[in-house]
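Structure first, then comments.
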Amino acid sequence: MWDERYRREDYVYGKAPNDFLASHVDELRPGNVLCLAEGEGRNAVFLAARGFAVTAVDASAVGLEKAARLAAEHDVEVETICADLADYDLGAARWDNIVSIYCHVLSPLRAELHRRVVAALRPGGVFLLEGYTPRQLEFNSGGPRDPDRLMSSAVLARELKGLEFRRLEELERDIHEGSHHSGRSAVVQVVATKP
């Protein structure tokens, strides 16, 4: 499905980074960043241009090819890994930062993935996430229509046990990211640190 979505000339979610990430990038630690479900690379390229060593993981080879082109366009390096997040080994105490922007997987995988995120962060490492909440089903501005793929702050607080939250908030905001994320949206935002 994702290969089909990305197999077009334009960038489905645009080339600019997610604005929540852009406005909180100074809260990330210097060092490396793992971008989960990174798609066409807009966030990875933005982070690489800010001096981070970036690894972008996605299940779509088509999306990652576009990410590599976008990185070349901006004269930055991004390591791309084509892998299913169900199988990808995040490692232990390996990452200074992990970024998850609209990574909507089924809830059993999400819970397991978030446990692995906590283990994969180094002490002092930062996890930054933005995703759609169940209230997004009231809007027609993007995101999955399957409620099981949506996230709430209460669920994330449980799944990310072991992190200290600097921000854990549900809100409505306008999103304008390409043709597939456009308009009023219900999101949850996380900035959390591993002690």
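Name the pairs: first residue in segment 21-38 and touching a residue at least 60 places away in the same chain (Cβ under 8 Å) and of a type outside the set (A, V, I, L, M), second residue assigned to a strand (DSSP E or B) and open to solvent by 20 Å² or more (accessible area, probe 1.4 Å), Cβ to Cβ under 6 Å, at least 6 apart or on different chains?
That search, which allows pairs on different chains as well, returns N32/A53.
Are any residues in segment 85-119 assigned to a helix (DSSP H, G or I) and basic (K, R), and if so, which ones?
First pass over segment 85-119, keeping only residues assigned to a helix (DSSP H, G or I): 107-119.
Correct list: R110, R115, R116.
For the structure I just gave you, tell me whether V191 is among the aliphatic types (A, V, I, L, M), open to solvent by less than 20 Å² (accessible area, probe 1.4 Å) and in a strand (DSSP E or B). Give the steps one after another, and end with the answer.
Details: among the aliphatic types (A, V, I, L, M): yes; open to solvent by less than 20 Å² (accessible area, probe 1.4 Å): yes; in a strand (DSSP E or B): yes.
In short, yes.
Give me the residue from segment 44-80 that is part of a helix (DSSP H, G or I) and of a type in the set (K, R) and, out of that set, most open to solvent (accessible area, probe 1.4 Å). Before you say what the answer is, go through the steps one by one.
Going through segment 44-80, the residues part of a helix (DSSP H, G or I) turn out to be 44-49, 61-73.
Subsequent filtering for residues that are of a type in the set (K, R) retains 66, 69.
Working: K66: 4, R69: 127 Å².
So, considering only residues that are part of a helix (DSSP H, G or I) and of a type in the set (K, R), the one most open to solvent (accessible area, probe 1.4 Å) is R69.
When residues of segment 8-38 are filtered for being under 23 Å from L85 (Cβ atoms) and modelled with pLDDT under 95, how many remain?
Number satisfying all stated conditions: 4.
Tell me the residue from R173, R166, R145 that is in contact (Cβ under 8 Å) with a residue 60 or more places away in the chain and surrounded by fewer than 17 Cβ atoms within 10 Å (Cβ to Cβ), please. Outline the logic, then answer.
On the way: R173 fails: in contact (Cβ under 8 Å) with a residue 60 or more places away in the chain; R145 fails: in contact (Cβ under 8 Å) with a residue 60 or more places away in the chain.
Only one candidate passes the filter, namely R166.
Going through segment 94-121 one residue at a time, which ones are aliphatic (A, V, I, L, M) and in contact with a helix residue (DSSP H, G or I) (Cβ under 7 Å, 6 or more places away or on another chain)? If you could, list the steps in order and put the result at the bottom.
So in segment 94-121, the residues aliphatic (A, V, I, L, M) come out as 98-99, 101, 105-106, 109, 111, 113, 117-121.
Those that are aliphatic (A, V, I, L, M) and in contact with a helix residue (DSSP H, G or I) (Cβ under 7 Å, 6 or more places away or on another chain): I98, V99, I101, V105, L106, A111.
The values are calculated or read from the model by the stated rules, or taken from the named source; none is laboratory data. It should be emphasised that the depicted structure is a prediction, and the values quoted were computed from it without experimental measurement. Cβ: placed from backbone, ideal geometry, glycine included. Neighbour counts: every protein chain shown. Ligands, DNA and RNA are excluded from the accessible area calculation, which covers all protein heavy atoms including side chains. Shrake-Rupley method; radii C 1.70, N 1.55, O 1.52, S 1.80 Å.
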